[in-house]
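Asker: Take this structure first; my questions come after.
No value in this document is a laboratory result; all are computed from the given coordinates. Computed from a predicted model, the values in this text were never measured in an experiment. Note that each Cβ is placed from the backbone with ideal geometry, even for glycine, and that neighbours are counted across all protein chains shown.
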Amino acid sequence: MKILVIDKMHDSITSLLGQKGFEVDYKPKISRSEILDTVHAYDGMVVRSKTPIDKELIDKAVNLKFIARAGAGIDQLDVQELENKGVRIVNAPEGNRDAVGEHTIGMLLCLFNNIVQGDAQVRKGIWDREGNRGVELMGKTVAIIGYGNMGRAFAQRLKCFGCDVLAFDKYKENYSDEYATEATWDEIFQKADILSLHTPLTFETKEMIDSELLNKFAKDIYIINVARGEIAPFSVLEEALKSGKLKGALLDVLENEKLAKLTDDQKENFENLVKRDNVLFSPHVAGWTHESYRKINEVLTEKIAQLFE
Ligand SMILES: NC(=O)c1ccc[n+]([C@@H]2O[C@H](COP(=O)([O-])OP(=O)(O)OC[C@H]3O[C@@H](n4cnc5c(N)ncnc54)[C@H](O)[C@@H]3O)[C@@H](O)[C@H]2O)c1
Ligand SMILES: O=C(O)[C@H](O)COP(=O)(O)O
């Protein structure tokens with residue numbers, strides 16, 4: 001079986017798949033037109049999020065039996081079209097969920113304890129203890145939307161900090177566990193101090209966070225988005241931060257991550273967000289550790305091999 005790898009992966013991908021008997025063409029710099037010209041020759045593809053796997057590409061992939069997503073999110077895949085053609089899909093969230101859980105805790109602790117701001121001030125010779133008084137996680141109610149791999153990894157860590165963790169998942173039943181208690185949106189509106197997004201990007205979750213929803217919260221809250229930026233657009237975040245409904249925002253993902261190509265509206269709102277001390281960004285690296293880089297390949301290889309057992 002021949003597999004085409006079209007994105008940059010940890011070097012282990014070729015040897016791991018090779019040990020399972022697959023022939024691997026590792027082409028991290030391949031262009032879309034080259035993919036379209038050659039994809040007919042492959043039984044499988046390993047992808048990340050760079051190239052949209054759309055109908056045009058799927059139509060050319062006449063021998064394709066599986067798509068393996070090295071990572072978690074599959075919003076770049078036309079899942080319906082792949083299913084129509086009988087192409088199997090596997091992904092590897094088990095490989096980066098620990099990274100996401102840790103990174104999200106890290107961002108929260110940084111914001112609550114003014115760590116980035118305090119560090120910058122000390123470097124400039126400013127010694128402001130009162131202005132850097134922190135906020136504790138202990139006793140806070142955290143609402144997790146989407147209780148899958150990432151949401152649960154975050155909940156697991158929050159438990160150690162003495163948080164009350166509520167989870168809402170539209171497509172699960174009876175999912176209360178040792179880390180989180182199943183809750184309705186209404187319960188979340190009443191109780192939450194922190195709203196954390198962990199759903200995939202779908203037609204339902206795109207722009208799920210709007211002013212109407214945020215204004216239903218009884219308290220002013222913090223928001224965390226380590227899922228996909230399009231779930232909580234810049235304009236909504238900026239308006240709610242301006243009004244005080246949002247006390248802060250932690251953003252690993254952005255509505256548009258091509259910062260040089262923002263629309264005028266996006267640019268204006270992004271520039272306002274950047275000026276705020278209560279917004280903390282990271283460049284889509286929550287799942288991006290040295291360990292996850294390798295673990296993703298290990299998980300993916302096992303799942304690909306299982307498809308043919
Ligand atoms: N920032 C990063 O580096 C990073 C890393 C990994 C994953 N992610 C993002 O996190 C997402 C979640 O990953 P995962 O592995 O936990 O996925 P998952 O499928 O295990 O869990 C997502 C959960 O969301 C639920 N859900 C779907 N639509 C919903 C809705 N409208 N309302 C409430 N719940 C809904 C699903 O039922 C599912 O249980 C990925 O799709 C990806 O976009 C980001
Ligand atoms: O969904 C994921 O696993 C992360 O968002 C990372 O995706 P990427 O490695 O394709 O950028």
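Asker: Suppose we keep only residues that are outside any helix (DSSP H, G or I) and free of Cβ contacts under 8 Å to residues at least 24 places away in the same chain within the range 183-203. Which one would you say is surrounded by the most Cβ atoms within 10 Å (Cβ to Cβ)?
Answerer: 184
Asker: Further, regarding this structure: Could you tell me whether residue 147 is within 19 Å of residue 223 (Cβ to Cβ), among the hydroxyl-bearing types (Ser, Thr, Tyr), away from ligand 2 (no atom under 16 Å from the Cβ) and surrounded by 16 or more Cβ atoms within 10 Å (Cβ to Cβ)?
Answerer: It is true that residue 147 is within 19 Å of residue 223 (Cβ to Cβ), among the hydroxyl-bearing types (Ser, Thr, Tyr), away from ligand 2 (no atom under 16 Å from the Cβ) and surrounded by 16 or more Cβ atoms within 10 Å (Cβ to Cβ).
Asker: Now for a separate question. Select from the range 117-153 the residues that are under 18 Å from residue 103 (Cα atoms) and in contact with a strand residue (DSSP E or B) (Cβ under 6 Å, 6 or more places away or on another chain) and list them in ascending order.
Answerer: Result: 142, 143, 144, 145, 147, 151.
Asker: What is the residue count in the range 122-135 for residues that are assigned to a loop (DSSP other than H, G, I, E, B) and surrounded by fewer than 12 Cβ atoms within 10 Å (Cβ to Cβ)?
Answerer: Within the range 122-135, residues that are assigned to a loop (DSSP other than H, G, I, E, B) and surrounded by fewer than 12 Cβ atoms within 10 Å (Cβ to Cβ) number 5.
Asker: Which of the residues spanning the range 1-60 are assigned to a loop (DSSP other than H, G, I, E, B) and without any contact (Cβ under 8 Å) to a residue 24 or more places away in the chain?
Answerer: 11, 21, 27, 28, 29, 31
Asker: A further question on this structure: For the range 269-281: of the residues being surrounded by 14 or more Cβ atoms within 10 Å (Cβ to Cβ) and either free of Cβ contacts under 8 Å to residues at least 24 places away in the same chain or among the polar types (S, T, N, Q) (or both), which is farthest from residue 197 (Cα to Cα)?
Answerer: Looking at the filtered set, the residue picked out is 272.
Asker: Here is a further query. Take the residues in the range 183-206 that are farther than 17 Å from residue 255 by Cβ, out of contact with any strand residue (DSSP E or B) (no Cβ under 6 Å at 6 or more places or on another chain) and of a type in the set (S, T, N, Q); name whichever of them is nearest to ligand 1 (Cβ to nearest atom).
Answerer: This residue is 184.
Asker: Exactly one condition in (1) more than 11 Å from ligand 1 (Cβ to nearest atom); (2) within 30 Å of residue 305 (Cα to Cα) is not met by residue 72; state its number.
Answerer: (1)
Asker: Checking residue 119 against (1) within 19 Å of the chain's Cα centre (by Cα); (2) surrounded by fewer than 21 Cβ atoms within 10 Å (Cβ to Cβ); (3) within 24 Å of residue 247 (Cβ to Cβ), which test does it fail?
Answerer: The failed condition is (1).
Asker: Give the range 61-110 a look and list any residue that's part of a helix (DSSP H, G or I), more than 11 Å from ligand 2 (Cβ to nearest atom) and among the aliphatic types (A, V, I, L, M), or say none.
Answerer: Scanning the range 61-110 gives 79, 82, 105, 107, 108, 109.
Asker: So which residues in the range 217-257 are closer than 13 Å to residue 282 by Cα and surrounded by fewer than 17 Cβ atoms within 10 Å (Cβ to Cβ)?
Answerer: 257
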